[in-house]
Structure formats: structure tokens, C-alpha cells
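Trainee: My structure is below; once you've seen it, I'll send some questions.
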Amino acid sequence: EKGGWPSFMAKEVAEEPEAVANTIRGRVRDGAVVIPELDGLDDLFTGINRIIITACGTASYAGLVGKYALEHWARIPVDVELAHEFRYRDPVIGADTLVVSISQSGETMDTLMAVKYARERGARTLSICNTQGATIPRESDAVVYTHAGPEVAVASTKAFVAQITALLLLGLHVGRVRGSLEDGAASVAELEALPAKLAHVLESEQGHVAQLAGWMADTRSVLFLGRHVGYPIALEGALKLKEISYIHAEGFAAGELKHGPIALIEPGQPVFVIVPSPRHSALIHAKVVSNIQEIRARGARVIVVAEEGDAAVLPFADEVIRIPLAGAFFEPILAVIPLQIFAMALATAKGLDVDQPRNLAKSVTVE
Ligand code: F6R
């Protein structure tokens, strides 16, 4: 039931702090991440030399955030592949490969086929899934459940933040098991601080973002730029907008701008830019600020998602959406919320059914 919310999507976005908290619960012991479902399965992580993350759609973007975190913490090569591409291109995999699948439903046929294919070729398999006892976890050697609760709206929201949370937990778990994790306690503290920060973003930016969407109801195209873990968030922001508001949208890695997409910028073009914190890397931050300058000089209407206190973006931004300070790999969970709200508010402003977008099904059980 919607419980007083205008849509399931609105309810599910509001449940994100809880989805993240529930996914973390029971997986931190003495200041370290210990995932009980993975007890006795250390060999899954020590007996391999690479990880392939496979998923579709929104889940694949969570996977991309996971790649950055896993490589950083666990020092193991990670590739992310769309399940339908992976399965049909004769990939090089074997016993030295761990294939991590991500699926909210656990029934996505493309992802299921990729998992079966990996198993047949001797790879180990671990699934991240939101639905207890679904087919994909049953076909995998191990499972780490996300505890987002049932997601009814077709567009994935709380499941996405729970997927990133599970991947961060996995990264910290694998990093510890492989002995490569430094300063794990600080990351655990970041994890545990996330639910309150999510609640803060929901409270402080909801009205502002909805207002923005109202102004932009006639917009025909929106671009999203991000760098580092902001890149998958740009992709996700664009997908949400396409899915439920039927507006053309594209997400880019900010560094790609000058390799083509900047030609799209004309006066009035709305562009969301996810700005990474300067505290993590002054260099990455400076590069994104310089991208903002470049598109602003060409007349783009720039909507920035930036950390509280980041004043460098102010001279070039038409709108600033603020997120609380968080560790580098934790920021994307906060940065995606305004983009989800934006898509939802814009669809609502256009009079569309946000829960049941045309042509889409919640669970894609055909290849
Ligand atoms: C987007 C969306 C889809 C799913 C994709 C995978 O909002 O919901 O892109 O993320 O179809 O679904 P699952 O996670 O169930 O495998």
C-alpha cells in the first residue's frame, strides 16, 4: 500500500534511509565489515584474481560504483559488464574469476543467463539480490541480500541505493579478507552515518528539486555529467528521466565532454553536474569545475549537485543542490537522491503515472 504517498515511487524514495540502514544491519562487527552470509567462504575472494560484475540497467550502474570501491579497497581487477553482452561474446572466464551479479528482482533473465553461463565455465558466482529465494541467488554459490524491502514502482530507487550499499559492504569485506584494506574503521563509520545523511538530503532538497522540475516540464533534453563515482550517478540520473518522464536524457563521464558531447551544448540546454568533493581529490574536483565553466560559457543551464560548503561551483551554477560531506565512495548514494526526485517531479508535472511508465515491466523475465 502507498500509505498516504502520491505514488509507490515517492514512498520508496522516502524509504531510502531505512533501506540503507537495513542493508548494513548485522554486517558490522567490532568496527569491521563482516558479512555473516559469507562466513567460511573466504576462498571465494582469495582464490581468484579478478571479478566481473554483471547486471542490467540501474543495477549495472550500482555495479560501476562497486567496481571503483572494490578495486580501491580489495586491490583486485574488476570489470562491469551488461549481462546480455557478457553472455554472448565468448568472454575469458574460469576458476580464477568471481562473477558478481546484481539484481533487485533476482529474476532478470539476461542476468540469470549470465550467471548460469559463468558457472558452466567454472567461475565462482555471488549474487546481490533484494528478493529472498529468487532464482539468481539460488543459482549462485553465495548471496548477499539487500534489505530494501519490496519495490513496487517500476523505476528502481531504494533498491539502487541498497545495491550500492551492499557493494560497499562487499568491498570492505573482501578488502579485509584479502588483507589490502587500510583504515577500514573510517569507512565503517562513513557507512553507518549514511542513513541520517540520506534523510537530511530528502528533507532539505525535496522542495527545491521539485520546484526545478516544475520549471523544466517543457524541456526536451537533459544532460548529466559526472566523474569518478559521479559518472555512474550521471548515467542513472539520465535513465530515471528517460524511464518515467519520457524526456531524452544522456549521462556522460565529464572527461568525455571535449571528445564529442560538448557539441550538444547550446544556449538553455539543462545540464546536471555531479561535483565530487574537493576533499577527496582537489584535482578531480578542479577538472569538473573546469567542465562546468566550459559548458556555462556555451550557454548551458547548469544544475550542480555539490557538497555543502563547496563554494568553487557558485560562480558558474544556475542552481546548486547540496549534499552532506561523505567519503568518496559514499557520496554517490547521496547524490542520486535529487536526481530521482527530479525525474519523479518532472513526470508528475507532465501528468504521467510515475509508477507504471509505458512499455516497461518491473521484472524483465525474457531475454
Ligand atoms: C531502472 C530499472 C531497470 C532495472 C533492470 C534490472 O529503473 O529498474 O533498469 O534495474 O531491469 O532489474 P533487476 O535489478 O531486477 O535485475
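The values are calculated or read from the model by the stated rules, or taken from the named source; none is laboratory data. The structure presented is a predicted model; accordingly, all values stated were derived computationally and were not measured. So basically every Cβ, Gly included, is an ideal-geometry build from the backbone, and we count neighbours across all protein chains shown. To get the accessible areas, we keep the full protein, side chains included, count just its heavy atoms, and leave off ligands, DNA and RNA. Shrake-Rupley method; radii C 1.70, N 1.55, O 1.52, S 1.80 Å.
Conditions (1) open to solvent by 10 Å² or more (accessible area, probe 1.4 Å); (2) modelled with pLDDT under 95, marked per residue:
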site	(1), (2)
Leu126	no, no
Val152	yes, yes
Ala155	no, no
Ala162	no, no
Glu182	yes, yes
Pro195	yes, no
Thr219	yes, yes
Val229	no, no
Leu235	yes, no
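Trainee: Let me ask something else about it. Taking only region 215-252 into account, find how many residues are away from the ligand (no atom under 16 Å from the Cβ), more than 16 Å from Leu352 (Cα to Cα) and touching a Lys or Arg at 6+ places or on another chain (Cβ under 8 Å).
Mentor: Of the residues in region 215-252, 1 are away from the ligand (no atom under 16 Å from the Cβ), more than 16 Å from Leu352 (Cα to Cα) and touching a Lys or Arg at 6+ places or on another chain (Cβ under 8 Å).
Trainee: Looking at the structure I just gave you, is Ala263 surrounded by 20 or more Cβ atoms within 10 Å (Cβ to Cβ) and either of a type in the set (A, V, I, L, M) or more than 16 Å from Arg298 (Cβ to Cβ) (or both)?
Mentor: So Ala263 does not fit the description; no.
Trainee: Is region 278-292 home to any residue that is within 26 Å of Ser156 (Cα to Cα) and modelled with pLDDT of 95 or more?
Mentor: no
Trainee: Would you say Asp141 is of a type in the set (Asp, Glu), farther than 15 Å from Ala343 by Cβ and either modelled with pLDDT under 95 or buried (at least 24 other Cβ atoms within 10 Å of the Cβ) (or both)?
Mentor: When the stated conditions are applied, Asp141 does not pass them.
Trainee: Also, quick follow-up: Filter region 316-353 down to the residues that are open to solvent by 10 Å² or more (accessible area, probe 1.4 Å) and closer than 20 Å to Leu239 by Cβ and list them by number.
Mentor: Correct list: Glu331, Met344, Ala345, Thr348, Ala349, Lys350, Leu352, Asp353.
Trainee: I need a count of the residues in region 317-367 that are of a type in the set (S, T, N, Q) and without any contact (Cβ under 8 Å) to a residue 40 or more places away in the chain.
Mentor: Here the count works out to 1.
Trainee: Given the conditions (1) hydrophobic (A, V, I, L, M, F, W, C); (2) within 16 Å of the ligand (Cβ to nearest atom); (3) touching a Leu at 6+ places or on another chain (Cβ under 7 Å); (4) part of a helix (DSSP H, G or I), and given that Val201 satisfies all but one, which numbered condition is not satisfied?
Mentor: Result: Val201 passes all but (2).
Trainee: Test each condition in (1) in contact with a Leu (Cβ under 7 Å, 6 or more places away or on another chain); (2) open to solvent by 10 Å² or more (accessible area, probe 1.4 Å); (3) within 16 Å of the ligand (Cβ to nearest atom) for Glu308 and report the one that comes out false.
Mentor: With respect to (1) in contact with a Leu (Cβ under 7 Å, 6 or more places away or on another chain); (2) open to solvent by 10 Å² or more (accessible area, probe 1.4 Å); (3) within 16 Å of the ligand (Cβ to nearest atom), Glu308 is out only on (3).
Trainee: Across region 53-71, which residue is nearest to Ile233 (Cα to Cα) among those that are surrounded by 23 or more Cβ atoms within 10 Å (Cβ to Cβ) and away from the ligand (no atom under 13 Å from the Cβ)?
Mentor: Looking at the filtered set, the residue picked out is Val65.
Trainee: Something else about it: Is it the case, given these coordinates, that Ala311 is part of a loop (DSSP other than H, G, I, E, B) and in contact with a Lys or Arg (Cβ under 9 Å, 6 or more places away or on another chain)?
Mentor: Here the answer is no, as Ala311 does not meet what is asked.
Trainee: Going through region 4-20 one residue at a time, which ones are of a type in the set (Phe, Trp, Tyr) and in a helix (DSSP H, G or I)?
Mentor: Phe8
Conditions (1) more than 15 Å from the ligand (Cβ to nearest atom); (2) part of a loop (DSSP other than H, G, I, E, B); (3) under 18 Å from the mean Cα position of the chain (by Cα), marked per residue:
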residue: Val320; (1), (2), (3): yes, no, no
residue: Pro332; (1), (2), (3): yes, no, yes
residue: Ala335; (1), (2), (3): yes, no, yes
residue: Leu339; (1), (2), (3): no, no, yes
residue: Thr348; (1), (2), (3): yes, no, no
residue: Asp355; (1), (2), (3): no, yes, no
residue: Arg358; (1), (2), (3): no, yes, no
residue: Ala361; (1), (2), (3): no, yes, no
residue: Val366; (1), (2), (3): no, yes, no
